[in-house]
Amino acid sequence: MWVPMCDRLREPAREFLRGRPESSLQLWAWLEQGGAELWVWSEGSRAAVGGVLGVSGGGVVAIQTAADRGRAERAGVDVLVPRGGRLTEVMGEWEASEALFSTLELRAGRSAAFVSKERLMRLDFARSDELPRAGSAQDSDRRAGAAMAAADFGAYEPLRLEFLAEDGLVPSDTVEQRRARFEAWVAEDRVHGAKGDTGWQATAVLSVLVGPYAQLGGVYTRRAHRRRGLGRAAVVSALSAARRRGVASVVLFTEHRNRPAMGLYESLGFRPLGLYGLFWLRS
């Protein structure tokens, strides 16, 4: 059954998530750093955990059940529907997130503004020979990526909005919230980009940092500037920053039919793994 997180279950939950880092980083970050209400699947009096569910203050839901659809469905019935409140997004390993969304669709009348089945990928820095560095011979004919500064929010924000608009989405938070998050990320060297002839045209963000892992997200190149190596340069810059801060592995997810993006990540040493689900909910 799903029960609220408590001290007795915190370490078993941590071990459960550590065993599935590619699809659990957001939950792991919430467990370590706060920012969400958490529940765990625990049976009987044993301190064994078979699933973790989190809901952020902004209504983002993340779930990990090791592909157990039944537990995901119960999360919807036992936690989310009775809990009520505003929900904006469901994400997690594909089987669990799809089952949870289907339950919300059936039991709470929720519908999706956007659905994406994503390919999980992982890069381990121990295989360093597979990671081209910025400025290497392989990248010498491309513009170099760089970290963005707090003053670059005016350039980053339109890129982020264009990224969402390509999927017919709008942000669920305010511009003040996005600016505060951007400035916090910049202070930790997590927002990177690459410039074209008229300023920043590509971005890549270390959106989650927890334990020895980082999650790469927000990879976007403005449409008119694609196929010029700018996206690659932004990603290489972000990966270099992750390596400098001692990250051992970087994970990401990208639309499972997007062969150009997967080809880019594979050329940088990422290995394809399982599937991830993103469900943006209609308000």
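Where a number appears in this text, it was derived from the coordinates with a stated rule and is not lab data. All of these numbers come straight from a predicted model, not from anything done at the bench. Cβ atoms come from the backbone with ideal geometry, glycine included; neighbour counts cover every protein chain shown.
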Kirkwood Rh in Å, taken over the stretch 5-115 so that all alpha-carbon pairs contribute: 13.8
With Cα atoms, 0 to 90° folded angle of helix 153-165 axis to the chain main axis: 60
Rounded to 10°, Cα long-axis angle of helix 21-33 versus longest principal axis of the chain: 80
Val3-Phe163 pseudo-label distance in nm [points 7 Å out on the Cα-to-Cβ vector]: 3.9
Long-range HN-HN contacts of Gly196 with modeled amide H, under 5 Å: Gln201
Point-charge dipole on Cβ atoms (K/R +1, D/E -1) for the chain, about Cα centre, debye to 20: 440
Value at 222 nm in deg cm²/dmol, rounded to 500, when DSSP H runs of n ≥ 4 in the chain each add -39,500 (n - 2.57): -10500 deg cm²/dmol
Residues Phe16, Phe125, sorted so that the one with the fewest Cβ neighbours within 10 Å comes first: Phe125, Phe16
Charge-dipole axis of the stretch 121-274 as Lys and Arg at +1 and Asp and Glu at -1 on Cβ define it, positive-most pick from Ala241, Val205, Gly263: Gly263
Length-normalised contact order for the chain - Cα pairs under 8 Å, 6+ apart - percent: 23
(i) 123; (ii) 139; (iii) 113, with the label sought being that of the calculated volume of the Cα convex hull per residue in Å³: (i)
Computed E for Glu176/Glu32 - FRET, C-beta separation, R0 30 angstrom, nearest 0.05: 0.70
Calculated log₁₀ intensity ratio I(q)/I(0) where the Debye formula runs over C-alpha points of the stretch 151-204, q = 0.21 Å⁻¹: -0.83
Relative contact order (percent, whole number), the stretch 121-274, Cα cutoff 8 Å, 6+ residue spacing: 34
Spacing of the two label points (7 Å from each Cα toward its C-beta) at Glu15 and Ala224, in nm: 5.6
Taking the stretch 185-251 and dividing mean pair separation by its residue count, relative contact order in percent (alpha carbons under 8 Å, at least six apart): 35
Helix axis angle, 94-108 relative to the chain longest principal axis, alpha carbon, degrees: 60
Size of electric dipole in the stretch 121-274: Cβ of Lys, Arg +1 and of Asp, Glu -1, about Cα centre, debye, nearest 20: 340
Sparsely packed GluC sites (Glu not before Pro) within the stretch 3-104, loop by DSSP, other Cβ within 10 Å at most 10: Glu43
